[in-house]
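The values are calculated or read from the model by the stated rules, or taken from the named source; none is laboratory data. Remember, it's a predicted structure, so these values are computed and weren't measured experimentally. Here the Cβ positions follow ideal geometry from the backbone for every residue, glycine too, while neighbour counts run over all protein chains shown.
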Amino acid sequence: MSPPRILYCHCHYAQVVPKEVKETVLRRLCESGVAFEAVADLCEMTARRDPALKQLAASGAIKIAACFPRAVKGLFHQTAADLPPESTEVLNMRTQPAEEIAAALLSPELTPNLPAKGAAAVVVN
Amino acid sequence: MPLAPALRVVLYEGAGAQPFEAADRFGAISSLLERGFAVTSTSGERAVAPADGRPIVVLGRFAGDAPDFQNAEVRTRDIAGLAAAQIADVVETARTEADAPQHGGWKPWFPVIDYDRCTNCMQCLSFCLFGVYGVDGDSHIQVQNNENCKTNCPACSRVCPEAAIMFPKYKAGPINGDIVSDADLNREKMKIDISALLGGDVYDMLRQRSEKAKSRFSKERDSDKALAERQKCLVKLAAAQAAGGGMDIPPEVLMSLPAPDEIARRAEEARAKAAVALAAQRS
């Protein structure tokens, strides 16, 4: 099975994700030599219902470096681009250390963590 | 908001192109993200999203002719020797040529509904004066007009009894999407408290405070001073609201509330829409 794809969100239009965390995660991805997708801001894509979100959601296992899993799930759902819960892992750049996120992104193993209906949200770290 | 697909940027390092140093790759991608572009880095293993009909610009350090990607939507640009900012300029030109929309210039602030928690109670639809919410064909609540939302105002999330409304760019949980705690689960109580705090009518309270401010400052001779005082007063109001478990409505939103009769009209319209949706659910 091929390793999960990687999606990095730069959360460009707000200052809620620490800049040093964003920079370190992106730098590690660039240093790793793996292929990945980087978007300026998932919220902005959702706001204008960018069809690219459907492609990102529909292409199999994925690891996403962004913010809270509950928010990321909702953002994709709001554009009718549901992420597959069994094969999506969200790393939270608002709360997790950059190096931990980078290591998780680059690991071939995937730990699905989208919150399920009726269950408490999952703490990643 | 435009629905046209955005330009996709591919940083290409495959056959027919020289690889980038890691620092150059980082610089180029950072610069493009800061200009609002989405970038696919194809520097190594792992799959990326397939071509999807979006216009694409492929950037590379091509030694000679760029590869033929056999796709009419693909434009190639040789970026050998260019600095990060120049690469972003090249892409901006390609965006214009492709007639792809320009993005940015607007903080994407709008509610995101957590449908795992939402009970379709229509409190948000009933509350919002700005027509952000609506219902789909099955009378389920949905966000319909993102652009109508007031930047930095999370008030509708405060009235949601299930903590089901998120603003991902908000500063604190659970509104920002963080875990919903036991305290947050007590939202029904919070909703009652807010209602009591505001005398049972949120908009009447806001209108009264706005009118008081207008009355006070209409007596001021120095309009600049009056404006400064008014803003100071409203900032204090917002802080007081926050300290009291209030709604965290930004001063500029309070300042921009419409006239009382218009507030009443919009509130009634919103309540009517919610009532129709709830009736449809029951039938």
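Side notes on the structure shown:
- Just so you know, in the range B:17-34 the residues that are crowded, with 16+ Cβ neighbours inside 10 Å and over 15 Å from B:V57 (Cα atoms) include one that is farthest from the other protein chains (Cβ to nearest Cβ), and it is B:S31.
- Looking only at the range A:110-125, residues that are at pLDDT 55 or above and more than 15 Å from the chain's Cα centre (by Cα) come to 3 in all.
- B:A47 meets each of the listed conditions (1) small (G, A, S); (2) at positive phi; (3) in contact with a Ser or Thr (Cβ under 8 Å, 6 or more places away or on another chain) apart from (2).
- The set of residues from the range B:133-154 being of a type in the set (S, T, Y) and crowded, with 18+ Cβ neighbours inside 10 Å comprises just one member, B:Y133.
- Scan of the range B:95-112 for residues that are in contact (Cβ under 8 Å) with a residue 60 or more places away in the chain and at the interface with chain A (Cβ under 9 Å from one of its Cβ atoms), ordered by number: B:P101, B:H103, B:G104, B:K107, B:P108, B:W109, B:V112
- Annotation: of all residues in the range A:48-78 being more than 9 Å from chain B (Cβ to nearest Cβ) and of a type outside the set (A, V, I, L, M), the one that is nearest to B:D178 (Cα to Cα) is A:F76.
- Condition check for B:D52: charged (D, E, K, R), at the interface with another protein chain (Cβ under 7 Å from one of its Cβ atoms) and surrounded by fewer than 18 Cβ atoms within 10 Å (Cβ to Cβ): yes
- Count - residues of the range B:69-122 that are at pLDDT 90 or above and outside any loop (DSSP other than H, G, I, E, B): 20
- For the range B:133-153, the set of residues classified as away from chain A (no Cβ under 13 Å), in contact (Cβ under 8 Å) with a residue 12 or more places away in the chain and in a loop (DSSP other than H, G, I, E, B) consists of B:S139, B:K150, B:C153, listed by residue number.
- Selection within the range A:25-71 - more than 16 Å from B:R8 (Cβ to Cβ), in a helix (DSSP H, G or I) and in contact (Cβ under 8 Å) with a residue 40 or more places away in the chain: A:V25, A:R28, A:L29, A:S32, A:P69, A:R70
- B:L206 meets the conditions (1) in a helix (DSSP H, G or I); (2) surrounded by fewer than 21 Cβ atoms within 10 Å (Cβ to Cβ); (3) at pLDDT below 80 in every case but one. The failed one is (2).
- Matching residues, the range A:88-110, being closer than 20 Å to B:G177 by Cα and among the hydroxyl-bearing types (S, T, Y): A:T88, A:T95
- Among the residues listed as B:R46, B:R25, the single one being closer than 15 Å to A:L26 by Cα and over 25 Å from the mean Cα position of the chain (by Cα): B:R25
- Evaluated against (1) under 20 Å from B:A98 (Cα atoms); (2) within 7 Å of another protein chain (Cβ to nearest Cβ); (3) surrounded by 23 or more Cβ atoms within 10 Å (Cβ to Cβ), B:S41 falls short on exactly one condition, (1).
- With respect to being at negative phi, surrounded by fewer than 24 Cβ atoms within 10 Å (Cβ to Cβ) and more than 8 Å from every other protein chain (Cβ to nearest Cβ), A:A81 fits the description.
- Of the residues in the range A:15-23, at least one is more than 8 Å from every other protein chain (Cβ to nearest Cβ), in a helix (DSSP H, G or I) and buried (at least 17 other Cβ atoms within 10 Å of the Cβ).
- Here B:P174 fulfils each of the conditions (1) over 30 Å from B:A17 (Cα atoms); (2) assigned to a strand (DSSP E or B) apart from (2).
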